[in-house]
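Encoded as structure tokens, the structure appears first; notes follow it.
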Amino acid sequence: MIRTENLEIGYSSSLLKVENLALNAEKVYFLIGRNGAGKSTFLKTILGQLKSISGKVFLKEQNIESIDIVELPKKISFVTAHFPSVDFLRVEEFIALGRSPHSNYFGKQTQRDLELIDDCLSILNIENLKGRFTSELSDGEKQLVAIAKSLAQETDVILLDEPTAFLDYANKKIVLNSLSKVSKELGKCIILSNHDIDLCVEHNGEYLIVDSIEKTITHHSTLNKERILEIAFR
């Protein structure tokens with residue numbers, strides 16, 4: 001699904017070297033590292049927002065940098081920790097924004113769009129939120145709605161930057177359980193940055209660890225908490 005080759009990421013100079021990765025569908029990858037270590041830089045590079053210093057990122061064997069900017073949102077979706085401030089927009093209307101990359105010139109929703117929005121609500125078990133204004137939602141509900149919007153984009157890859165940062169423990173578990181379900185049932189490749197090591201270990205995911213001393217990102221299929229802390233937070 002996603003493959004990297006001799007990748008170095010950063011801005012004006014190299015920040016991190018990324019081992020040659022092969023990230024697959026039906027998997028959740030936890031991106032873990034110190035604040036400022038380069039997690040967001042890595043996500044922006046995968047997303048195509050930031051050019052690599054050297055090396056390549058491939059999505060289904062197509063170089064990310066060769067994909068037209070109009071086509072990328074059909075292939076990769078992105079969820080931030082901060083829910084956008086939008087008043088007087090109902091939940092289903094917000095989720096419908098995820099259909100924008102697929103809409104016609106007039107942005108008119110088709111019957112399939114409407115059915116897909118309902119499917120996204122159902123997959124995440126938030127049908128009860130339909131009809132409510134986004135400004136009325138709790139933080140946990142907002143994050144699930146943001147994920148539903150990314151599902152509506154019908155992308156193979158979903159990237160999330162600290163999706164549980166402002167949630168309580170119960171809502172963090174709900175969000176991570178939902179992402180695990182989505183990856184398996186819909187065949188998505190999901191990468192999310194996260195600081196909640198205990199919760200990450202609880203889930204059957206894999207790890208992309210940022211070593212701020214060695215300046216690398218490495219892939220690990222299984223790690224215990226002690227080893228994660230040793231690599232990422234020494």
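Looking across the stretch 137-171, the residues that are more than 22 Å from residue 33 (Cα to Cα) and among the acidic types (Asp, Glu) come down to 139, 141, 154, 156.
What do you reckon, is residue 117 more than 19 Å from residue 46 (Cα to Cα) and of a type in the set (Val, Ile, Thr)? The answer is yes for residue 117. If the condition is being surrounded by 17 or more Cβ atoms within 10 Å (Cβ to Cβ), among the small types (Gly, Ala, Ser) and out of contact with any strand residue (DSSP E or B) (no Cβ under 6 Å at 6 or more places or on another chain), then the stretch 73-114 contributes 96, 98. For the subset of the stretch 124-179 comprising residues that are crowded, with 17+ Cβ neighbours inside 10 Å and among the polar types (S, T, N, Q), which member is nearest to residue 40 (Cα to Cα)? Step by step, filter the stretch 124-179, then rank; the result is 164.
The single residue among 26, 71 that is closer than 21 Å to residue 187 by Cβ, within 14 Å of the chain's Cα centre (by Cα) and of a type in the set (D, E, K, R) turns out to be 26. Of all the numbered requirements in (1) over 20 Å from residue 183 (Cα atoms); (2) in a helix (DSSP H, G or I); (3) touching a Lys or Arg at 6+ places or on another chain (Cβ under 9 Å), residue 83 misses one, and that requirement is (2). Scanning the stretch 49-65 for residues that are among the charged types (D, E, K, R) and not in a loop (DSSP other than H, G, I, E, B) turns up 56, 65.
All conditions but one from (1) modelled with pLDDT under 90; (2) of a type outside the set (S, T, N, Q); (3) buried (at least 18 other Cβ atoms within 10 Å of the Cβ) apply to residue 208; the one that does not is (1). For the stretch 1-48, the strands (runs of 3 or more DSSP E) that sit wholly inside it and include 1 or more residues that are at positive phi and surrounded by fewer than 17 Cβ atoms within 10 Å (Cβ to Cβ) are 2-10.
So that you can scan it fast, the table gives a plain yes or no per residue for (1) modelled with pLDDT under 90; (2) farther than 15 Å from residue 38 by Cβ; (3) crowded, with 17+ Cβ neighbours inside 10 Å; (4) within 19 Å of the chain's Cα centre (by Cα):
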position: 191; (1), (2), (3), (4): no, no, yes, yes
position: 196; (1), (2), (3), (4): yes, yes, yes, yes
position: 212; (1), (2), (3), (4): yes, no, yes, no
position: 215; (1), (2), (3), (4): no, no, no, no
position: 222; (1), (2), (3), (4): yes, yes, no, no
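The values are calculated or read from the model by the stated rules, or taken from the named source; none is laboratory data. Predicted, not measured: the structure shown is a model, and the values here were computed from it. Note: ideal-geometry Cβ built from the backbone for every residue, glycine included; neighbour counts use all protein chains shown.
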